[in-house]
Amino acid sequence: MPTAKFIAVLWLLISGTMISPERVFAFCHELEVVSRPSVRLAAASTRPVEIEWFGHATFQITSSKGTRILADPHSRSDLRWPALDQHIVTTSHQHGAHSNIYMAKGNPVIFQGLTSGGENWNRVHTTIRDVSVYTVPAYHDKSQGLQRGKNAIFVFRVDDVCIAHLGDLGHILTPPQLKLMGKIDVLLVPVAGGMYTVTPTEAIEVTKQVNPRIAIPEHYWWEGGADRFVAGFPRVKRSKGPILKISKQELPSPIEIVVLSVGGQ
């Protein structure tokens, strides 16, 4: 009788998603965590993970041990830049507003979601210090990259909290992509007018597909830009600052929207 993993691999092959079999069950999949108790025990922490928004799609994620991840560093001079050294930098695609790796201080490990020309995805599935990181292939548009190219979703496992950064996602997620992402606790979801990412209405649908405990809207650059997205959910918290601190034990029931505030947005 075929195993669940074999069926999942077959499903991906049939769907045309080019993923290697070893990545079907990755770091934020319950089966892997259950089968590897040492991973679960090592990751457990009562100290909070810190998620700080620097505007556009740029986030600094800090583990309880001080490991810092800089995701999709922007290139805007009117927004804040991180002051601390980074250990990991990720870019979802090659556009300048998402790939300014020179923003990062220190000597970080850099993971580019796409190859240098943007023609294909880079496969990332590794652990750096106390953080696990992997990619899920996606697109920047609704025509499988024919308009604006490819996009890489990055998933981070930080202190047993699974965080997904959608990059410039331009479409509704497919069942294989959702399966590869795993069980997401915090979703960083782009909200824009539809030209560069999903629309607010599509962002609502994507968030409900993923069903995270917390969703943080980002990428919008006008006052009230997240309001249409927020209107799709009954539970909303608005922060006066750019930082969310959360531990696995403190995660709310799904889905709570947390709107962070960034000066100059």
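Brief remarks follow.
- Answer residue from region 237-261, given it is crowded, with 17+ Cβ neighbours inside 10 Å and among the β-branched types (Val, Ile, Thr) and is nearest to Cys162 (Cα to Cα) among those: Ile246
- Test: Ser99 is closer than 20 Å to Ala57 by Cβ, without any contact (Cβ under 8 Å) to a residue 40 or more places away in the chain, in contact with a strand residue (DSSP E or B) (Cβ under 7 Å, 6 or more places away or on another chain) and among the hydroxyl-bearing types (Ser, Thr, Tyr): yes
- Residue check for His74: under 18 Å from the mean Cα position of the chain (by Cα), at pLDDT 95 or above and surrounded by 16 or more Cβ atoms within 10 Å (Cβ to Cβ): no
- Each residue in region 161-196 was checked for being closer than 17 Å to Phe111 by Cβ and touching a Leu at 6+ places or on another chain (Cβ under 6 Å), and 2 of them qualify.
- Boolean, Leu173 is at pLDDT 95 or above, under 12 Å from the mean Cα position of the chain (by Cα), crowded, with 19+ Cβ neighbours inside 10 Å and hydrophobic (A, V, I, L, M, F, W, C): no
- Sole exception among (1) in contact (Cβ under 8 Å) with a residue 24 or more places away in the chain; (2) surrounded by fewer than 21 Cβ atoms within 10 Å (Cβ to Cβ) for Val161, by number: (2)
The values are calculated or read from the model by the stated rules, or taken from the named source; none is laboratory data. Worth saying up front: this structure is predicted, and the values here are computed from it rather than measured. With ideal geometry, Cβ positions are generated from the backbone for all residues, glycine too; neighbour counts draw on all protein chains shown.
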